[in-house]
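For reference, the structure is listed below as structure tokens.
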Amino acid sequence: MEKIILSTENAPRAIGPYSQAVRVGQLVFISGQLGIDPQTGILKDGIDAQTRQVLDNIGAILASLGLGYAHVVKTTIFLRDFDDYAKVNEIYGSIFQDAPPARSTVEVSRLPKRASVEIECIAIYPEKAEA
């Protein structure tokens, strides 16, 4: 299968040697997103604002591919402080209300740019989608 590199200006550019997203067959692997505003390049302040921006960034990448949150089948959440779990979960739950994806959540000692949260995900194209 062909590996297709995907990118959109509506989400922050990769800050290292990786792609925003990669498509292989029907699967789309979206790299971990931080709470960086794609217009300013600045990390949002606070766990609430960062979580919302992370999910907005994921949404922008999905939208650029003709997909939405309903196409996400797996997420991994990385938290710098597990005490933020309830806040992140509340915001995350407002996005993934119906048939939420499988998920893992882990606490890590540090994230790029000293972010508080990072989320990566895997989405799937419908059987007959062309892109």
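The values are calculated or read from the model by the stated rules, or taken from the named source; none is laboratory data. Remember, predicted model here, so these are calculated numbers, not experimental data. For neighbour counting, all protein chains shown are included, and Cβ atoms are generated from backbone atoms with ideal geometry for every residue, glycine included. These accessible areas exclude ligands, DNA and RNA; they are computed on the full protein's heavy atoms, side chains included. Shrake-Rupley method; radii C 1.70, N 1.55, O 1.52, S 1.80 Å.
Residues of the range 1-15 that are open to solvent by less than 30 Å² (accessible area, probe 1.4 Å) and closer than 22 Å to V108 by Cβ: A11, P12.
Taken over the range 1-21, residues that are of a type outside the set (A, V, I, L, M) and more than 15 Å from V54 (Cα to Cα) amount to 7. The set of residues in the range 57-82 being open to solvent by 50 Å² or more (accessible area, probe 1.4 Å) and among the aliphatic types (A, V, I, L, M) consists of A63, A70, V73. Of the listed requirements (1) in contact with a strand residue (DSSP E or B) (Cβ under 7 Å, 6 or more places away or on another chain); (2) of a type in the set (S, T, Y); (3) open to solvent by 60 Å² or more (accessible area, probe 1.4 Å); (4) in a loop (DSSP other than H, G, I, E, B), Y85 misses just one: (4). Check the range 28-41 and report whether any residue there is open to solvent by 30 Å² or more (accessible area, probe 1.4 Å), closer than 24 Å to E127 by Cβ and under 12 Å from the mean Cα position of the chain (by Cα). Checking the range 28-41: at least one residue is open to solvent by 30 Å² or more (accessible area, probe 1.4 Å), closer than 24 Å to E127 by Cβ and under 12 Å from the mean Cα position of the chain (by Cα).
Would you confirm whether or not the range 45-63 contains a residue that is within 13 Å of the chain's Cα centre (by Cα), more than 30 Å from E127 (Cα to Cα) and not charged (D, E, K, R)? Yes, the range 45-63 contains at least one residue that is within 13 Å of the chain's Cα centre (by Cα), more than 30 Å from E127 (Cα to Cα) and not charged (D, E, K, R).
In the range 86-115, the residues that are under 15 Å from G59 (Cα atoms) and free of Cβ contacts under 8 Å to residues at least 40 places away in the same chain form Cβ pairs under 8 Å with partners that are assigned to a helix (DSSP H, G or I) and of a type in the set (G, A, S), at six or more places apart or across chains, as follows: P100/G93.
Within the range 1-58, which strands (runs of 3 or more DSSP E) (wholly inside it) include 3 or more residues that are within 13 Å of I119 (Cα to Cα)? Talk me through it step by step, then tell me what you get.
Numbers: elements: 3-6, 21-24, 27-33.
The strands (runs of 3 or more DSSP E) meeting that bar are 27-33.
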